[in-house]
Amino acid sequence: MNQINDIKIELIPTLITLLDTLSVTETAKKLGVTQSAISHSLKKLRHQLKDEIVIREGHHLLPTAKAEKIYPSLKRWMSELDYIIDATDFDPKTSKRNFYIATSDIIEQMFMAKIISQLKTEAPQIGIRLVRWNLEKIPSQLLSSEIDGAIGVRSFDNPNLMQRVLYKEVFICAARKGHPIFKTKKDLESFLSYPHTMTSSGDRVKGVVDSALEKINRTRNLTHTVANFSSAPFILENSDCILTAPSRFLHFCSQRHSIKTFDPPLDLPNYDVKLIWSKRTQKDQASEWLRDFFYRVLR
């Protein structure tokens, strides 16, 4: 028999949460049990799967090759089970369903605390599981119910995917408080005289600023790129770098870091942040509630 079928059903939430968090402590918190209970369940899982599942590397846990292989299937299975349970009579106040949403770290930083706070009122037992945005995998993840939705700026040319604009966004700039640019005219020449940083996933080394500058035959001194938005404010606080990023994110950071915002001295495109879901869940009560919830909270 397939080894996934041999796992005791009561251990599956533990396995999924452990692979979500890669932390025994966080798994215990999320499931509301003790760390020793998680360790005991992990011992059972290792015996049933004949695999270590996670291994320790320094202060971190890493999934084994087998764990990485079965993880998507288990999540799809749990998602389908949640769908079956909630499909006929979904009540957010009593539902214990977990919704899996793919998004970026910028959305997670800005909105996750607000989402959790609002859930306490509307749906106290519902869980939101954020997973990393992977552009290539989003369509298959949605269509297979591995995830319930995705929040991002990209559109997908697929007739089985639906989308709704959550909010419109513009780009602004930021630098540390006391930066010399705030003592001069913030024109293009001043803007280009300082080093710049930007967020970039993969090998992308050109952002919206670079594309706009190309149109007027200009370039900037892009000295740093970072993989996540979370590190950008710390770079600004400790350098003369300028960051151009979405306005909501920079206003959010300016309340928590020693940085100030200003308008960019060149025309940059606006864009929409969208919620994307599978057409097969269009009339599903739980999915309808989820879409309305995110629309109200994120807009």
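The values are calculated or read from the model by the stated rules, or taken from the named source; none is laboratory data. These numbers come from a predicted model, not from an experiment. Cβ sites come from the backbone with ideal geometry, for glycine too, and all protein chains shown count toward neighbours.
Within the range 209-245, the residues that satisfy the criterion of being at pLDDT 95 or above, surrounded by 13 or more Cβ atoms within 10 Å (Cβ to Cβ) and of a type in the set (Ser, Thr, Tyr) are 239, 244.
Take residue 50 and tell me if it is over 15 Å from residue 8 (Cα atoms) and either in the same structural domain as residue 140 (by TED's automatic domain parsing) or surrounded by fewer than 17 Cβ atoms within 10 Å (Cβ to Cβ) (or both).
Values: over 15 Å from residue 8 (Cα atoms): no; either in the same structural domain as residue 140 (by TED's automatic domain parsing) or surrounded by fewer than 17 Cβ atoms within 10 Å (Cβ to Cβ) (or both): yes.
No, not satisfied.
Among the conditions (1) surrounded by fewer than 16 Cβ atoms within 10 Å (Cβ to Cβ); (2) out of contact with any Asp or Glu (no Cβ under 9 Å at 6 or more places or on another chain); (3) of a type in the set (S, T, N, Q), the only one that residue 270 does not satisfy is (2). Of the helices (runs of 4 or more DSSP H) lying entirely inside the range 29-137, those carrying at least 2 residues that are under 15 Å from the mean Cα position of the chain (by Cα) are 105-122. Name the single residue that is farthest from residue 186 (Cα to Cα) among those in the range 246-299 being of a type in the set (D, E, K, R) and part of a helix (DSSP H, G or I). Selected residue: 280. The residue pairs whose first member lies in the range 1-24 and is assigned by TED's automatic domain parsing to the domain that holds residue 39 and closer than 13 Å to residue 44 by Cβ, whose second member is charged (D, E, K, R) and modelled with pLDDT of 75 or more, and whose beta carbons are closer than 6 Å, counting only pairs six or more residues apart or on different chains, do not exist in this structure. When 276, 259 are screened for being β-branched (Val, Ile, Thr), modelled with pLDDT of 95 or more and closer than 30 Å to residue 143 by Cα, only 276 passes.
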